[in-house]
Ligand SMILES: *[C@@H]1O[C@H](CO)[C@@H](O)[C@H](O)[C@H]1NC(C)=O
């Protein structure tokens, strides 16, 4: 569950693989320990899940489109769904990260709002009619107190919040 930064080294050479690939398709190639990049050394295309399954390495993220907040919550790629859902908001509770206790979970969802916040995402969603942030989220946190600007860009909020949640998530652990 650690956040890892992977240094991507671009090999400016072609690598020979053992199968015919569709043009433009992105694949994961197992490079092994052999540094020989000549066509004499044929590499294997492996499932994109293999770096994380076999080495516990972070191998990027997947993107899922949802046209509303309930779609984000309900159309989980995990058949068991999300078992803990957190909202982030400047109107959320302010707790120091080191004092934050999260329950253990299998699939955690952390939601970020747009310019007008998650409150607007709830209001605009007909499936969440009449609900408030406390009905939709198990907890609602302000991960950047005294933000000093009217809004925080989502790409900035993401990094701030992932740092905020990193330790509480590690402490919570994975439930069975
Ligand atoms: C909500 O989003 C889901 C997933 O994108 C979609 O299937 C559904 O039609 C949307 N509902 C409304 C009322 O927009």
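Regarding residue 149, is this residue in a loop (DSSP other than H, G, I, E, B) and more than 19 Å from the chain's Cα centre (by Cα)?
In short, yes.
Within segment 103-112, which residues are within 16 Å of the ligand (Cβ to nearest atom) and either closer than 14 Å to residue 91 by Cα or outside the structural domain of residue 85 (by TED's automatic domain parsing) (or both)?
111 - this is the single residue of segment 103-112 that is within 16 Å of the ligand (Cβ to nearest atom) and either closer than 14 Å to residue 91 by Cα or outside the structural domain of residue 85 (by TED's automatic domain parsing) (or both).
Being modelled with pLDDT of 95 or more and buried (at least 16 other Cβ atoms within 10 Å of the Cβ), is that true of even one residue in segment 145-159?
No, every residue in segment 145-159 fails to be modelled with pLDDT of 95 or more and buried (at least 16 other Cβ atoms within 10 Å of the Cβ).
Restricting to segment 50-68, name every residue that is near the ligand (Cβ under 8 Å from one of its atoms) and touching a helix residue (DSSP H, G or I) at 6+ places or on another chain (Cβ under 9 Å).
Across segment 50-68, the qualifying residues are 65, 66, 68.
Out of all the residues in segment 126-150, which are on the phi < 0 side of the Ramachandran plot, more than 16 Å from the ligand (Cβ to nearest atom) and out of contact with any strand residue (DSSP E or B) (no Cβ under 8 Å at 6 or more places or on another chain)?
132, 135, 145, 149, 150, listed by residue number.
Residue-wise test of (1) modelled with pLDDT of 90 or more; (2) surrounded by 10 or more Cβ atoms within 10 Å (Cβ to Cβ).
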residue: 8; (1), (2): no, no
residue: 40; (1), (2): no, no
residue: 50; (1), (2): yes, yes
residue: 67; (1), (2): yes, no
residue: 82; (1), (2): yes, yes
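The values are calculated or read from the model by the stated rules, or taken from the named source; none is laboratory data. As the structure is a computational prediction, the values presented were derived from the model and not from experiment. When we count neighbours, we look across all protein chains shown, and the Cβ atoms used for this are built from the backbone with ideal geometry, even at glycine.
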